[in-house]
Amino acid sequence: MRPEPSNFRSSQTLAVTRVPAFDDNYLWLIHGQGEASNRVAVVDPGDPAAIDAVLASEGLTLAAILVTHHHGDHTGGVAALASRHKVPVYGPAQEDIPARTAAVRSGDTVALPSLGLSFAVIDVPGHTAGHIAYVGHGALFCGDTLFSGGCGRLFEGTPAQMLSSLDQLAALAPDTAVYCAHEYTASNLKFALAVEPANEQLVTYATEVSQLRAAGKSTIPTTIGLELAINPFLRSRLSSVSEAAARHAGRPPRDEADAFGALRQWKNEFRG
Ligand SMILES: [Zn+2]
């Protein structure tokens, strides 16, 4: 693992297995506690074959499916896995999720007693209108809302919604481990460096990420504390970020959401 300043180290108590899929997706297996460590919940199983292969090779039993939003690379394996393994499917109340058995939203708790785990649900609209995230045991599973160095595209939500969603994630403990659904870090950091070239922690992190990726290693999980230091989308109110976005847009922002929207628009157009 990369050497990290202690305030960026995660305090999570979960065992999590990374299952790469497609070009750059991560499907996450969350292991049960103690005696239940061979039982797992899967987050966003876009590819059922990738999950079944790991269950078989590691001798794991699937106990639950957690879905963050309706996009196919997150839900493509849900129906097949749910019927094959006879497990509950938790998914966002405001979206169509195949084979969902429990519609959940902010304020709900996903209790998985057979794993000794429970997760709080929070609504994080922006990438999609009903996107949710799962938080518990020092870890965050946030789908396509927050990435390392970036955030999801606004396919269905407004800049104000995404800013509010990211504010909720930014308020989690700094040592919360962040399990996002894509390995986008290296390309995100090219944009982040264009926004904040003088951010020394960002420059250092970008070097670490280059080394990890050159060695074929993952940069995920990240932590909330690290993202607060390097991710322009969690830093859009800082003058170093908002002034750069205004320069790019050629006009001053009307308000914080407009400044965030200008930053997101710049990223959409960015070719690093
Ligand atoms: Zn998505």
Inside the range 169-195, the number of residues satisfying the requirement of being open to solvent by 20 Å² or more (accessible area, probe 1.4 Å) and farther than 24 Å from His70 by Cα is 10
The correct count of residues that are more than 16 Å from the ligand (Cβ to nearest atom) and in contact (Cβ under 8 Å) with a residue 24 or more places away in the chain in the range 62-84 is 7
Counted residues in the range 134-161 being within 21 Å of Tyr184 (Cα to Cα), away from the ligand (no atom under 15 Å from the Cβ) and not hydrophobic (A, V, I, L, M, F, W, C) come to 4
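In the range 1-108, which helices (runs of 4 or more DSSP H) lie fully inside it and hold 1 or more residues that are buried (at least 16 other Cβ atoms within 10 Å of the Cβ) and touching a Gly at 6+ places or on another chain (Cβ under 7 Å)?
Working: elements: 48-58, 72-75, 78-85.
Counting at least 1 such residues, we get 48-58, 72-75.
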Of the residues in the range 95-133, those that are among the hydroxyl-bearing types (Ser, Thr, Tyr) and within 16 Å of the ligand (Cβ to nearest atom) come to Thr128
Residues in the range 182-227 that are within 20 Å of Trp266 (Cβ to Cβ), under 14 Å from the mean Cα position of the chain (by Cα) and of a type in the set (A, V, I, L, M) total 0
Output for Cβ contacts, cut-off 6 Å, separation at least six or different chains, first residue open to solvent by less than 10 Å² (accessible area, probe 1.4 Å) in the range 138-160, second of a type in the set (Ser, Thr, Tyr) and within 11 Å of the ligand (Cβ to nearest atom), reads Gly143/Thr68; Gly152/Thr145
Residues of the range 205-225 being aliphatic (A, V, I, L, M) and either without any contact (Cβ under 8 Å) to a residue 40 or more places away in the chain or open to solvent by less than 10 Å² (accessible area, probe 1.4 Å) (or both), in sequence order, are Ala206, Val209, Ala214, Ala215, Ile220, Ile224
Per the filter on the range 189-204, residues in contact with a helix residue (DSSP H, G or I) (Cβ under 6 Å, 6 or more places away or on another chain) and either aromatic (Phe, Trp, Tyr) or touching a residue at least 60 places away in the same chain (Cβ under 8 Å) (or both) are Phe191, Val195
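The values are calculated or read from the model by the stated rules, or taken from the named source; none is laboratory data. These numbers come from a predicted model, not from an experiment. So basically every Cβ, Gly included, is an ideal-geometry build from the backbone, and we count neighbours across all protein chains shown. In case anyone asks, the SASA skips ligands and DNA or RNA and just uses the protein heavy atoms, side chains included. Shrake-Rupley method; radii C 1.70, N 1.55, O 1.52, S 1.80 Å.
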